[in-house]
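Only one structure is covered here, and it is reproduced in the block below.
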There are 2 protein chains.
Amino acid sequence: MNLIALRGLPIVKKGDDIAQLIAHAANGQVKIENGDIIVVAQSIVSKAEGNVYDLREINPSPRAIEIGKKMGRDPRKIELILRESTEIVRQAHVLITRTKHGFVCANAGVDSSNVDEDHATTLPEDPDASARRIRERIKDILGVDVAVIISDTHGRPFRKGAAGVAIGVAGMEPLWDLRDKRDLYGKKLTSTIFAAADSFAAAATIVMGETNEGTPVVIIKGAKYKPGDGRATDLVRPREHDLFL
Amino acid sequence: MNLIALRGLPIVKKGDDIAQLIAHAANGQVKIENGDIIVVAQSIVSKAEGNVYDLREINPSPRAIEIGKKMGRDPRKIELILRESTEIVRQAHVLITRTKHGFVCANAGVDSSNVDEDHATTLPEDPDASARRIRERIKDILGVDVAVIISDTHGRPFRKGAAGVAIGVAGMEPLWDLRDKRDLYGKKLTSTIFAAADSFAAAATIVMGETNEGTPVVIIKGAKYKPGDGRATDLVRPREHDLFL
């Protein structure tokens, strides 16, 4: 399995066709082929889709002002976070919420890095749909069938540090159910479901770099995956099955 | 970044020198070089170190019998889990504990797959030390400096499916602190610590396969990482800083 960070992408602006930018940057650098996985950082998808907010235009609610005061944080950003969330999961030194998509993460994915001062991005409205659109446009432009993952980096309970996860998926099954497979001794494997899309996102995030390297797209070649119509929301553990809520 | 699953490893037995087995299998298949990362599945480290238990020799305590009855599970396995744990974190349809190393995971890593009937493996006694030994032996045998990660697969709160994590590390810093780095706009990144070792483990676990493919060792080439003396226990969020315990 080979991971290639795509160089030469421009800074993405609202309305940009990400598939077109990828196809253009790949030209002469890496041949995108059937079966490749294209991992795209959430930040550029949000920008292309216009999910960038000028905080000076955000009018924080009384609740956002109260939380902002308690946490010592910008109430306008708290307001954006609350708008993106269905539930506050933990409020301590960090604000962990469940996003409208179902993801549990810090700040509902609201992020002020890699945008102008006094601005913040939110997650794409429907990252699975974003992934599908990129996949379809790649098919249109290059004539190849790829899988697409929209990645974000999330902190984790119990473990330090953030790692890449899939928040949008197209063209693959994000979970592999191995429960009927057998081990080296021929015994049935019990309760083994593999978070494939998250693992691809985690791998791609290593080569993306988290800082200012400007490589928010990674092409994964030679990966075995299950083509399919799964969604990243399949990766969300239903609230009623979660032991930590 | 390129990930190569090492083929041709024998089934590992107690006392085996894993570095020697890796060097032998790699010969003619992949050249192990300075700067490579070798990811080794916990299961073969446990076997080589003799952490395999015959359940017929385990005498479950009254507490293990009680939990086993409640959960409908083998009390001998529960006994092993309790011996490996300092704390039960959640007891529902799964038993999630904190292991003596500090890791929070299902069944304290006690596993009956890929061993004989009526047997189970536990995690290595000190996986960081196991990683260091493999790293040193690779240096002895092949004369190259590599990083070594002992990987396991853990389930995650909030998200379905298991993914690879690092439970032992040698020759690298498992966490990258990016808090002083700047984004595309020159602004300081806030609170960005990247779980590098876990991400490498997650990536390697994709190509290992979870079933009977017999490729528990993956060589990662062309990866940027921070050489250092970090430990996988650095990845453990201290109990008092965890919001979900």
Counting just the residues of the stretch B:209-232 that are within 25 Å of residue A:192 (Cβ to Cβ) and not in a loop (DSSP other than H, G, I, E, B), which one comes out farthest from the other protein chains (Cβ to nearest Cβ)? B:217
Residue that is surrounded by the fewest Cβ atoms within 10 Å (Cβ to Cβ), among those in the stretch B:164-185 that are of a type in the set (A, V, I, L, M, F, W, C) and closer than 16 Å to residue B:216 by Cβ: B:165
Could you say whether any residue in the stretch B:28-39 is out of contact with any Leu (no Cβ under 8 Å at 6 or more places or on another chain) and modelled with pLDDT under 95? yes
Residue tally, condition crowded, with 17+ Cβ neighbours inside 10 Å and over 19 Å from residue A:162 (Cβ atoms), over the stretch A:74-101: 7
For the stretch A:52-160, which helices (runs of 4 or more DSSP H) that fit wholly inside it have 3 or more residues that are over 16 Å from the mean Cα position of the chain (by Cα) and not assigned by TED's automatic domain parsing to the domain that holds residue A:197? A:62-71, A:75-83
From the options B:48, B:25, residue that is among the small types (Gly, Ala, Ser), touching an Asp or Glu at 6+ places or on another chain (Cβ under 6 Å), modelled with pLDDT of 95 or more and on the phi < 0 side of the Ramachandran plot: B:48
Of all residues in the stretch A:118-159, which are among the small types (Gly, Ala, Ser) and either buried (at least 23 other Cβ atoms within 10 Å of the Cβ) or away from chain B (no Cβ under 12 Å) (or both)? A:120, A:129, A:130, A:131, A:143, A:147, A:151
Is it true that residue A:235 is within 23 Å of residue A:126 (Cα to Cα), of a type in the set (A, V, I, L, M) and within 7 Å of chain B (Cβ to nearest Cβ)? yes
Which numbered condition residue B:194 fails, given (1) among the hydrophobic types (A, V, I, L, M, F, W, C); (2) modelled with pLDDT of 95 or more; (3) out of contact with any His (no Cβ under 9 Å at 6 or more places or on another chain): (2)
Can you work out which of the residues in the stretch B:56-73 that are touching a residue at least 24 places away in the same chain (Cβ under 8 Å) and among the hydrophobic types (A, V, I, L, M, F, W, C) is surrounded by the most Cβ atoms within 10 Å (Cβ to Cβ)? B:67
Mind telling me which of the residues B:206, B:193 ends up being in contact (Cβ under 8 Å) with a residue 24 or more places away in the chain, within 22 Å of residue B:104 (Cα to Cα), aliphatic (A, V, I, L, M) and facing chain A (nearest Cβ under 9 Å)? B:206
Inside the stretch A:9-22, the number of residues satisfying the requirement of being in a loop (DSSP other than H, G, I, E, B) and within 30 Å of residue B:205 (Cα to Cα) is 1
Could you please give the count of residues in the stretch B:163-191 that are at pLDDT below 85 and of a type outside the set (S, T, N, Q)? 12
Meets criteria (in contact with a helix residue (DSSP H, G or I) (Cβ under 9 Å, 6 or more places away or on another chain) and more than 23 Å from residue A:228 (Cα to Cα)) for residue A:3: no
If you go through the stretch A:165-187 one residue at a time, how many are within 9 Å of chain B (Cβ to nearest Cβ), part of a strand (DSSP E or B) and in contact with an Asp or Glu (Cβ under 7 Å, 6 or more places away or on another chain)? 2
Report yes if residue A:201 is touching a residue at least 60 places away in the same chain (Cβ under 8 Å) and either part of a loop (DSSP other than H, G, I, E, B) or within 12 Å of chain B (Cβ to nearest Cβ) (or both), otherwise no. yes
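The values are calculated or read from the model by the stated rules, or taken from the named source; none is laboratory data. No experiment lies behind these values; they were computed from the predicted model shown. Methodologically, a virtual Cβ is constructed for each residue, glycine included, from the backbone with ideal geometry; neighbour enumeration extends over all protein chains shown.
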